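K.L.:
Got a structure for you, written out below as structure tokens; questions coming shortly.
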Amino acid sequence: MVMFYNSAQPSNIKSTYSEYDQVDFTCKPSKGRAVQANSFRFSGNLLVAKKTIASPTQAVLVTPEDQVFMNPFVGAHGIIKNISSIANDRILENISFYGRIVGQKTQAENSLEELTSSSYHTPELKGLQNNVLLGASTGTQGIPFSIKPVIALNRSSGDLGQSKFNQMKILMTLGSAVEAFYCSKPQPAAGSPDLITGLEFIVSNLQLSWYEVPEVSIPRIVFRTTYLTTQTVNSFSSNLYVTSPTVFDSVSCSFIRQANRNKIYKDDMLCEYIRGIIRVEFTINGLDAPLLYAIGSGDSPPYQDIALNYAHSLEALEKNTLMNKLLSETVAFGVGCAFRAEQNSKLAINIQIDTTLTDAVNNVSENPLDVFLYTQGFLEA
């Protein structure tokens, strides 16, 4: 097959980008060609610096010994806060907290051992050793990275021909350093000179690349989309609701305690474990049940069934992190299910937690959880 390599710099081109910067790309395929499905990729260089008690105003580069990591399942995707896909001035999707859903999908498709040793994921700075990659680079511009964005324009059912898709845009907003990075060391005392008080990052040489192939007429293109709803679990019996703007067939939820968000010494992308769940029930429009039973309604503990249905919602592969008991109870927990396609329907999730969990950490009334509900849908264009 004849293939043509293409690349583009941001429309709002700058030498460097940092926290909260807007970065926009435009793709216009050549006449008679099509963008090959799933071929969009971002690449650039990433530099990470820290401020400490000893250096409160001048940021210095992190070293491997600082133990500054990116979430192992998210990697360089974590610097992106929001991302939108646009085709012919039509918004296909707008994903907020983009890095978190990337992490959930990575957990569904890899074991942690595979992730750490994978040459496919290393350019995305995933895995357990990315503190070494972030801190050991001797280049003045930092460590190079290359990521394949998990967005609608990269999840099409076929090649995107120029005759039908003459202009496509990817718009993104970079997030904060405290969301993308964290320090795994125990937090030093308040006056310690080693206490990290701030993190910063700089992205340079940023570009979008893709492949083009000769166009073949495809009458129908369907995009897989993602839609986010955020809510809170603050009682022992919580109802979560979501309505997707497109046809959707699954929902995948991850959690993090509000007290652990936006902290240098806490991982903001962590999928936290909820202890003491005794029942989970899904309903659509208050009547239909995506599952024919409530998880936890029998005598067996519900967590195995929760993990199985959550894995189905993310189309998990045979080897994954979600079905590992140790990792599910530490870094890869979630709730979800897959069902027949629905449109303009209201999905409700009821989560019941053991009321005897009254300790400071697990009492959700006193230590509430933020919930990220991602629905996976379809959109024809």
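No lab work stands behind these numbers, since they all come straight from the coordinates. Every value quoted in this text rests on a predicted model; they were computed, and no experiment measured them. Glycine also receives a Cβ, built like all others from the backbone with ideal geometry; neighbour counts cover every protein chain displayed.
K.L.:
So if each residue of separation counts as 0.36 nm, and I subtract the Cα-Cα distance between S300 and R340, what length gain in nm does that give?
P.N.:
On the way: separation 40, 0.36 × 40 = 14.40 nm, distance 2.65 nm.
11.8 nm is the gain from fully extending S300 to R340.
K.L.:
Related question: Compute the signed sum of charges (Lys and Arg +1, Asp and Glu -1) over the other residues within less than 15 Å, Cβ to Cβ, of L314. Provide the component values of the computation, followed by the final result.
P.N.:
Working: positive: R100, K105, R155, R224, K319; negative: E109, D249, E315, E318.
Around L314, the surrounding residues sum to +1.
K.L.:
Just to confirm a number: summing +1 for Lys and Arg and -1 for Asp and Glu over residues other than I351 whose beta-carbon lies under 10 angstrom from that of I351, what do you get? Before the final figure, lay out each step's value.
P.N.:
On the way: positive: R279; negative: E281.
Net charge in that neighbourhood comes out at 0.
K.L.:
Wrap a convex hull around the Cα atoms of the chain, take a quarter of its surface area, and give that in square nanometres. Present the calculation step by step, with values, prior to reporting the outcome.
P.N.:
On the way: hull surface 80.9 nm².
Averaged projected area of the chain's Cα convex hull equals 20.2 nm².
K.L.:
On a full-extension model of 0.36 nm per residue, what is the gain between E329 and Q141, subtracting their alpha-carbon distance, rounded to one decimal in nm?
P.N.:
Values: separation 188, 0.36 × 188 = 67.68 nm, distance 3.76 nm.
Taking E329 through Q141 to full extension adds about 63.9 nm, to one decimal.
K.L.:
Need the C-alpha centroid separation for the stretch 266-309 versus the stretch 217-240, integer Å.
P.N.:
Using only Cα atoms to place each centre, the spacing works out to 16 Å.
K.L.:
Here is a further query. Within the stretch 156-172, list the residues whose amide N lies under 19 Å from a label point set 7 Å along Cα→Cβ of S217.
P.N.:
Correct set: 158-166.
K.L.:
Please get the size of the charge dipole for the chain, origin at its Cα centre, with Cβ charges of +1 on Lys and Arg and -1 on Asp and Glu, quoted in debye to the nearest 20.
P.N.:
Working: 29 positive and 34 negative charges, 185 e Å.
Computed charge dipole of the chain: roughly 900 debye.
K.L.:
Need one number: nm distance between label points at I278 and Q167, each 7 Å from Cα along Cα→Cβ, rounded to one decimal.
P.N.:
5.8 nm
K.L.:
Cβ under 12 Å from S146's Cβ, S146 left aside: what net charge do those residues give with Lys, Arg +1 and Asp, Glu -1? Display every interim value, and only then the final one.
P.N.:
Details: positive: R41, K126, K148; negative: E124.
Local net charge: +2.
K.L.:
Quick check on the chain: helices-only [θ] at 222 nm, where DSSP H runs of length 4 and up contribute -39,500 (n - 2.57) each and the sum goes over total residues. Nearest 500, please. Write down the numbers at each step before the final one.
P.N.:
Working: 6 runs with 44 residues, N = 381.
About -3000 deg cm²/dmol.
K.L.:
If you don't mind, another one. Just to confirm my numbers, what's the Cα centroid distance between the stretch 47-102 and the stretch 145-175 in Å?
P.N.:
Computed from Cα coordinates, the inter-centre distance equals 20 Å.
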